[in-house]
Amino acid sequence: MSAIRRKFGDDYQVVTTSSSGSGLPTHGPGPGPQQQLVPKKKRQRFVDKNGRCNVQHGNLGSETSRYLSDLFTTLVDLKWRWNLFIFILTYTVAWLFMASMWWVIAYTRGDLNKAHVGNYTPCVANVYNFPSAFLFFIETEATIGYGYRYITDKCPEGIILFLFQSILGSIVDAFLIGCMFIKMSQPKKRAETLMFSEHAVISMRDGKLTLMFRVGNLRNSHMVSAQIRCKLLKSRQTPEGEFLPLDQLELDVGFSTGADQLFLVSPLTICHVIDAKSPFYDLSQRSMQTEQFEIVVILEGIVETTGMTCQARTSYTEDEVLWGHRFFPVISLEEGFFKVDYSQFHATFEVPTPPYSVKEQEEMLLMSSPLIAPAITNSKERHNSVECLDGLDDISTKLPSKLQKITGREDFPKKLLRMSSTTSEKAYSLGDLPMKLQRISSVPGNSEEKLVSKTTKMLSDPMSQSVADLPPKLQKMAGGAARMEGNLPAKLRKMNSDRFT
């Protein structure tokens, strides 16, 4: 049982049927009745694989009159059987109506009874009954003109009816024939030669977890300005408690880089990189078994032969996304041309892929190496360090004048702190600083005067660090301070000599 589930997945449940064909499930180990795999009932799709949207509009009420306001589009959107029915019915009713009008004129004038009188001139010659009136209308409408039935000049009402018949026939022909022509020339059938892979796959590409599917064009004529878009349909609930059924989210398939503009002369693999901005940021192989979503793919382009815009659609549900798979290559180089093997268009094979989501991978990476956390937010820390240096510039201007003279340079604290900030940026941690600087920076409530005095004391202490071990900039500043020692008072010179001895 477990082997069967590993082979076919959880989308199938095992049922057993006895040899007698009763269809009742049996349980128990050992050899027994034959086992049969029955697929579970698939959930309702929003968009079918062929691109048809499973949406029906109901309870329109009085809004149905809007369809009649755009009658031409309504007729074009109808199915072919309804179009043919309306086409035949309209012409049949129009012909019978106009034939009846000619028969009424002949009946009111008495042409039906006097048609065989030799010196009588009827409205329409050789019209004796309704069938002859119908034949006269057909000959006139189709411009056949056999010459046996014709209208005379003794019938003004027949001339008016003839003009009305010509105008009405032109309108009906233009409307119905135009509707049929537009329906036949619709680019929907062009979408039948645009292929999408049966499954989408998730695997690593260029070191990133990527959702991929494949598109292809079976015709030699190109799709001009082909562009592809992806929508994620997933129900969710807002923090305010509002439930959003089939909420639409955009999946980036290269909009920022222009990769969504396709040169579709051979099958292409469309990629969506799963990162922090992706809706699949926390999607893992395990969570995908409980998720319910649908990826709608929309491919648009201009048909090269007709210049009309064509749109092809398909969708992938969660059970049609294969984790850890990759598409087989379908393009091979032959002698003088490239050959596309469409027999491998839908084929995939397994590749090593981590079963974790991108979010889980980043968290595990941070836990394994704590020093990577500042590296991820490097730009943010550099911005904070610049603000810290700007604040220390104000501190250095507030130092007493005596301390500024002792250091020998008024901008000494500023440069010292800039060097320490540079060292901290390279190390991404305070652990690389000397222990005394860590203690000074960790003790809360230190005033600016104490901070500067302890820093200068540490620089002058031979037990902490010698002048030769200092960085070049600190050595240069320390030398400048030594040259200024002759300007110090006698007590300070004595204190310095006692400290170094």
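The values are calculated or read from the model by the stated rules, or taken from the named source; none is laboratory data. Computed from a predicted model, the values in this text were never measured in an experiment. Neighbour counts run over all protein chains shown; Cβ positions are idealised from the backbone, glycine included. SASA here: full protein model, heavy atoms, side chains in, ligands and nucleic acids out. Shrake-Rupley method; radii C 1.70, N 1.55, O 1.52, S 1.80 Å.
How much of the accessible area of the range 248-381, probe 1.4 Å, is carbon plus sulfur, in whole percent? Spell out each step's value before the answer.
Numbers: 4470 of 7950 Å².
About 56 percent, which is the carbon plus sulfur part of the accessible surface.
In a shell of Cβ-Cβ distance under 13 Å around R229, excluding R229 itself, what net charge do Lys and Arg (+1) and Asp and Glu (-1) give? Don't skip to the answer; put the middle values down first.
Values: positive: K231, R313; negative: E250, D252, D260, E300.
With Lys, Arg at +1 and Asp, Glu at -1, the net is -2.
Which translational diffusion coefficient, to the nearest whole µm²/s, is obtained for the range 245-365 from the Stokes-Einstein equation, given a Kirkwood hydrodynamic radius over C-alpha pairs, 4 °C and 1.567 mPa s?
Numbers: Rh = 17.3 Å.
For the chosen part, D equals 75 µm²/s.
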Practice item. Could you list which residues have their amide H under 5 Å from that of Y150, counting only those 5 or more apart in sequence or on another chain, with H placed in the peptide plane? Key: A125
Check your understanding: Given the C-alpha centroids of the range 107-185 and the range 52-84, what is the distance between them in whole angstrom?
Key -> 35 Å
Check your understanding: Given H placed 1.01 Å from N in the peptide plane, which residues other than close sequence neighbours of M195 have an amide H under 5 Å from its amide H?
Key -> G216, N217, L218
